[in-house]
Every structure is written in structure tokens, then in C-alpha cells.
1. From the list 9, 73, 37, pick out the single residue that is surrounded by 10 or more Cβ atoms within 10 Å (Cβ to Cβ) and farther than 30 Å from residue 129 by Cα.
2. Can you name the residue in segment 2-42 that is over 52 Å from the mean Cα position of the chain (by Cα) and part of a helix (DSSP H, G or I) and, of all such residues, is nearest to residue 116 (Cα to Cα)?
3. Determine which member of the set 58, 37 is modelled with pLDDT under 95 and touching a strand residue (DSSP E or B) at 6+ places or on another chain (Cβ under 9 Å).
4. Show the residue pairs meeting these rules: Cβ distance below 9 Å; 6+ apart or different chains; first residue within segment 45-61 and over 10 Å from residue 122 (Cβ atoms); second residue in a helix (DSSP H, G or I).
5. How many residues are under 16 Å from residue 127 (Cβ atoms) and surrounded by 12 or more Cβ atoms within 10 Å (Cβ to Cβ) if we restrict to segment 76-85?
6. When you check residue 137 against the structure, is it surrounded by 10 or more Cβ atoms within 10 Å (Cβ to Cβ), within 17 Å of the chain's Cα centre (by Cα) and at pLDDT below 85, yes or no?
7. Quick one: which residue in 129, 80 is part of a strand (DSSP E or B) and modelled with pLDDT under 90?
């Protein structure tokens, strides 16, 4: 009697099961990587939005007092921003200045994910220095500012 060459049904089933487990594992890893890429992209976009909103507030010279802002940025994000007078963290760090030519505002920007049920957000905090003079005062008299800066005599 001669034996037929080939695989038994049991060997074929075991081989297919091992291959199936390998393919399922590879697809799972690939799917997880795609989810991580999407998450990283959303985080990068949120940080970029926070930076843009912060820059808008810091460069807007009309913002000289506490305010609140909010709005939609795109289909994935909205923001809230608050500007408030900055409080010194401790009494021991206080500078002994009788009349400062400027004051400090605290700026906080929060970027909210619209489609996140956990309330995920990115927060950026910064300080803004504001001159006590109105922008028109120091823009209309540059000669006076130069004279005061360099100690020139009376014009």
C-alpha cells in the first residue's frame, strides 16, 4: 500500500487558523496606528488653533481690559478665550513700583473638541503687557517719545 501525498483536512484547518490569527493581528495593529495618526492630527490642529487665537488677542491693541470671547473654528473645534487682570502669585514677589507705565493682563485660550464626549480640550495661557497710555497717545507724538528716551532738551 502506498500513501497518498498531500495534507489532511486537519492540517489545512490548523494552517488556515494560524494564518487567520496572523492577518487579524496585523489588521488590528494597522487600525490602531490609523487611530493614533488621527488623534495626533487633531491634537496638532487644536494646538495650532490655540496659537492662532492667542496671537490674535496678543496683537489686538484694542484689548486693554478684561473680556470674554468664543466661537467656532471649524467642523471639529470651537474656542473660548478670556482676558483678565493678572494677579501676582505671591506677596513676596511684589515689585516696589509706585506707578508702572504698563499693566499685565492674563490671557487664557481653550480649544474644545466638538465631537469628544469626554470634554477634551487644549489650553494655552499667556501674559499680555498693556501700556497705560492709549495707542493714539504714543503713535501721534514719536518725537516726544524719542526726546524722553534719549533725554534731549526742550524742542
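The values are calculated or read from the model by the stated rules, or taken from the named source; none is laboratory data. Model, not experiment: these values are computed from the prediction. We place every Cβ from the backbone using ideal geometry, glycine too, and count neighbours over all the protein chains shown.
1. Working: 9 fails: surrounded by 10 or more Cβ atoms within 10 Å (Cβ to Cβ); 73 fails: farther than 30 Å from residue 129 by Cα.
So the residue among 9, 73, 37 that is surrounded by 10 or more Cβ atoms within 10 Å (Cβ to Cβ) and farther than 30 Å from residue 129 by Cα is 37.
2. Step one: list which residues in segment 2-42 are over 52 Å from the mean Cα position of the chain (by Cα), which gives 2-13.
Imposing the further condition that a residue be part of a helix (DSSP H, G or I) reduces the set to 9-13.
Numbers: 9: 49, 10: 48, 11: 48, 12: 46, 13: 43 Å.
Only one residue fits best here, namely 13.
3. Numbers: 37 fails: touching a strand residue (DSSP E or B) at 6+ places or on another chain (Cβ under 9 Å).
Selected residue: 58, the only one of 58, 37 that is modelled with pLDDT under 95 and touching a strand residue (DSSP E or B) at 6+ places or on another chain (Cβ under 9 Å).
4. So the pair list comes out as 61/135.
5. Step one: list which residues in segment 76-85 are under 16 Å from residue 127 (Cβ atoms), which gives 81-85.
Going one step further and asking which of them are surrounded by 12 or more Cβ atoms within 10 Å (Cβ to Cβ), we end up with 81-84.
Residues that pass the stated criteria total 4.
6. Numbers: surrounded by 10 or more Cβ atoms within 10 Å (Cβ to Cβ): yes; within 17 Å of the chain's Cα centre (by Cα): no; at pLDDT below 85: yes.
Criteria not met by residue 137.
7. Details: 80 fails: modelled with pLDDT under 90.
Only one candidate passes the filter, namely 129.
Table: residues versus (1) modelled with pLDDT of 85 or more; (2) in a strand (DSSP E or B); (3) under 30 Å from residue 74 (Cα atoms).
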{"residue": "87", "(1), (2), (3)": "no, no, no"}
{"residue": "99", "(1), (2), (3)": "no, no, no"}
{"residue": "103", "(1), (2), (3)": "yes, yes, no"}
{"residue": "109", "(1), (2), (3)": "yes, yes, yes"}
{"residue": "112", "(1), (2), (3)": "yes, yes, yes"}
{"residue": "117", "(1), (2), (3)": "no, no, yes"}
{"residue": "124", "(1), (2), (3)": "yes, yes, yes"}
{"residue": "143", "(1), (2), (3)": "no, no, no"}
{"residue": "154", "(1), (2), (3)": "no, no, no"}
